[in-house]
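Enquirer: Before I ask anything, here is the structure I am working with.
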């Protein structure tokens, strides 16, 4: 089993299998004991109420309305709903494997990933649950697509929260714009403008956070995508250069070798 940080989710190549979901409403004081360890990974969204999770490392975790909770495979715990009101949640269980076909775990303990400040997570969890419980043509595919959508949204929320915690939230709009438009010849002026910052201020914050300039970051994004295209076996070197925004194939080849260590032609031989 390979361990990854949840903050790495946005760059992780993974597959989801064996999805199942349930909406559960527990009476006040209701208890669950998980002695054998969870057979699946779980993402739990608290619809209402609160509960105390007593983990097997003597830690306690109180979850409440709006919390999105990660429950790792094999985790053991006891949970007790508050006696004040019903505890309601939707749980989505699944297997997760990485590109080496190994099980993934994000943390060893049950943990609160975030507290949702809007209705997105409640809505997407309800959609996932509805897709799971309703039989129908391609319902399994729809359910899986919704889980991937939720995890994609979560990955960007975690990234945004990480920036905010490190005083770099001001450059978040520029980073999003860069990620979506890196294949074009975008300028630092554009990135600074969408972030409502001066060019010098944007460049300084960006370089501090990524430890490289915006241009270096853009070039690495382009070459990373170029590697994916070449490995697919469906694109020639010239097609790959064009798709990743290079107008000069010689410059593309030189930059590719500088970053990757081999020429793009070598990668497809």
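Enquirer: How far apart, in nm, are two points set 7 Å out from the Cα along the Cα-to-Cβ line at residue 215 and at residue 250?
Expert: For residue 215 paired with residue 250, the spin-label model returns 1.9 nm.
Enquirer: With just the Cα atoms defining each centre, how far is region 138-171 from region 1-18? Give it in Å.
Expert: Cα centroid to Cα centroid, the span is 12 Å.
Enquirer: A further question follows. Expected output is a single nm value to one decimal: the length gained when fully extending between residue 232 and residue 48, i.e. 0.36 nm times separation in residues minus the C-alpha distance. What is it? All intermediate terms of the calculation are to be shown ahead of the outcome.
Expert: Numbers: separation 184, 0.36 × 184 = 66.24 nm, distance 4.58 nm.
Separation in residues times 0.36 nm, less the Cα-Cα distance, equals 61.7 nm.
Enquirer: Something else now. Using 1/(1 + (r/R0)^6) with R0 = 25 angstrom and r between the beta carbons of residue 120 and residue 190, what's the FRET efficiency to the nearest 0.05? Before the final figure, lay out the partial values.
Expert: Details: r = 28 Å, r/R0 = 1.11.
Calculated value: 0.35.
Enquirer: Could you check which residue among 206, 256, 159 shows the biggest mean-square fluctuation in a GNM of the chain with a 10 Å Cα cutoff?
Expert: Answer for the Gaussian network model of the chain: 256.
Enquirer: Moving on. Relative contact order, percent, of region 169-268 when contacts are C-alpha pairs under 8 Å separated by at least 6 residues? Spell out each step's value before the answer.
Expert: Working: 93 pairs, mean separation 22.6, N = 100.
This gives 23 percent for region 169-268.
Enquirer: Hey, another quick one. Can you tell me, using C-alpha contacts under 8 Å and at least 6 residues apart, the relative contact order of the chain as a whole percent?
Expert: On the way: 434 pairs, mean separation 44.0, N = 269.
16 percent.
Enquirer: Report, in deg cm²/dmol and to the nearest 500, the calculated mean residue ellipticity at 222 nm for the chain, where each DSSP H run with n ≥ 4 adds -39500 (n - 2.57) and the sum is divided by the residue count.
Expert: Values: 9 runs with 112 residues, N = 269.
Dividing the helical sum by the residues of the chain leaves -13000 deg cm²/dmol.
Enquirer: What full-extension length gain, to one decimal in nm, is calculated for residue 265 and residue 134 as 0.36 nm per residue of separation minus the Cα-Cα distance?
Expert: On the way: separation 131, 0.36 × 131 = 47.16 nm, distance 4.87 nm.
42.3 nm is the gain from fully extending residue 265 to residue 134.
Enquirer: Please arrange 234, 71 by how many other C-beta atoms lie within 10 Å of their C-beta, fewest to most.
Expert: Details: 234 9, 71 20.
The fewest-first ordering by Cβ neighbours comes to 234, 71.
Enquirer: Ok, one more. Could you work out how far the C-alpha centroid of region 76-119 sits from that of region 206-269, in angstrom?
Expert: Taking the Cα centre of region 206-269 as reference, the centre of region 76-119 is 37 Å away.
Enquirer: Separation between the residue 148 and residue 102 pseudo-spin-labels, each 7 Å from Cα along Cα→Cβ, expressed in nm?
Expert: Going by the 7 Å Cα→Cβ label model, 2.4 nm.
Enquirer: Using a cut-off of under 15 Å, list every residue of region 37-68 whose amide N is near the label point 7 Å from the Cα of residue 25 along the Cα-to-beta-carbon line.
Expert: Output list for this probe position: 47-50.
Enquirer: Which one is right for this structure if Cα extents along the principal axes in Å is calculated from it: [x] 74, 46, 36; [y] 55, 37, 35; [z] 68, 44, 37?
Expert: [z]
Enquirer: How would 210, 132 line up from fewest to most surrounding beta-carbon atoms within 10 angstrom?
Expert: Details: 210 15, 132 22.
The fewest-first ordering by Cβ neighbours comes to 210, 132.
Enquirer: I've got another one for you. What per residue convex hull volume, in Å³, do the alpha-carbon atoms of region 169-268 yield? Provide the component values of the computation, followed by the final result.
Expert: On the way: hull volume 9.1 nm³, N = 100.
Enclosed volume per residue, from the Cα hull, is 91 Å³.
Enquirer: Here's something else I'd like to know. Would you list 67, 109 from fewest to most Cβ contacts within 10 Å?
Expert: Values: 67 20, 109 15.
By the 10 Å Cβ count, ascending, the order reads 109, 67.
Bear in mind that the values in this text are calculations on the coordinates, not laboratory data. Note that the structure is a prediction, hence the values are computed from the model and not measured. Methodologically, a virtual Cβ is constructed for each residue, glycine included, from the backbone with ideal geometry; neighbour enumeration extends over all protein chains shown.
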